[in-house]
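Only one structure is covered here, and it is reproduced in the block below.
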Amino acid sequence: MSADVGPSGASPAWRMALACTAIAPLALALGWGLAPVGVTVTAATFLAGATIATRGMSHHYPHDRVGACNFVTAIRLAMTAGLAASLTGGVLPGWPVFALAILTLSLDGIDGWLARRQGLSSAFGARFDMEVDSALAAILALALMLNGRGGPELLVLGFARYAFVAAGAALPWLRAPLRESFRRKTVCVVQIGTLAALTAPLLPEILARPAALGAAALVAWSFGRDILWLARTR
């Protein structure tokens, strides 16, 4: 598939770029509402994500149409970029962040269902969805850290996958494909759901810290199982 096909050729990559352009105002509106300088941070986050997604689609997407599945993932990217605005003031906005995080999480899985229904499942789509999940977790963890709500466990909840990817740069066997895993998907939902819950202003500290520690332990266990499997099968 060529990345040089223009709009008249209607390649999926160009359609994705046009879809991201149409979705961009949503991200900017969310960023503006969350912080005075949120537009800049949100725009930069969304532009970076959209550029990577469009480029990845141009090289690794096997289908001839974008489909609603990737459109939904792009909307999740816009919402995640909007949440990045919460990092600009060093103060957790509270209910707006909680509501937006829950909405973003609730759309997770819909894109996969749409991909299967439309016959557009692909490694690119799965990777796109995973990268949005990873960015969402990292942004929520950073927002919580800036607000002083939690401890080192937030590093595990927000950056475990990025640490895994970084380790893969030194240990090539960690970059081998992993099998499909319902356990991995479930842990991801628990991970992001816990981070979202921690942003709720009314969640008491007596519940918040144990929840964060428990979720971090679950994430560490899940990554540990994958690392052991990769070590045995390399």
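The values are calculated or read from the model by the stated rules, or taken from the named source; none is laboratory data. Please read all numbers here as calculations on a predicted model, not as lab measurements. Positions of Cβ are backbone-derived with ideal geometry, glycine not excepted, and every protein chain shown enters the neighbour counts. When the accessible area is computed, the model is the full protein with side chains, heavy atoms only, and any ligands, DNA or RNA have been set aside. Shrake-Rupley method; radii C 1.70, N 1.55, O 1.52, S 1.80 Å.
State yes or no: is residue 78 open to solvent by less than 60 Å² (accessible area, probe 1.4 Å) and free of Cβ contacts under 8 Å to residues at least 40 places away in the same chain?
Taking the combined requirement at face value, the residue does not satisfy it.
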Inset, instruction - Please enumerate the residues belonging to the range 180-203 that are over 20 Å from the mean Cα position of the chain (by Cα) and open to solvent by 60 Å² or more (accessible area, probe 1.4 Å). - result: 201, 202
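Condition check ((1) modelled with pLDDT of 90 or more; (2) closer than 28 Å to residue 145 by Cα; (3) of a type outside the set (Asp, Glu)) across all residues:
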{"position": "6", "(1), (2), (3)": "no, no, yes"}
{"position": "27", "(1), (2), (3)": "yes, yes, yes"}
{"position": "44", "(1), (2), (3)": "yes, yes, yes"}
{"position": "63", "(1), (2), (3)": "yes, no, yes"}
{"position": "71", "(1), (2), (3)": "yes, no, yes"}
{"position": "80", "(1), (2), (3)": "yes, yes, yes"}
Inset, instruction - Determine which single condition residue 179 fails, assuming it passes every other condition in (1) within 17 Å of residue 165 (Cα to Cα); (2) modelled with pLDDT under 95; (3) of a type in the set (D, E, K, R); (4) part of a helix (DSSP H, G or I). - result: (4)
Legend entry - Members of the range 91-133 found to be open to solvent by less than 50 Å² (accessible area, probe 1.4 Å) and acidic (Asp, Glu), listed by number: 108, 111, 129, 133
Inset, instruction - Could you grab me the full set of residues in the range 186-234 that are of a type in the set (Lys, Arg), touching a residue at least 40 places away in the same chain (Cβ under 8 Å) and in a helix (DSSP H, G or I)? - result: 209, 225
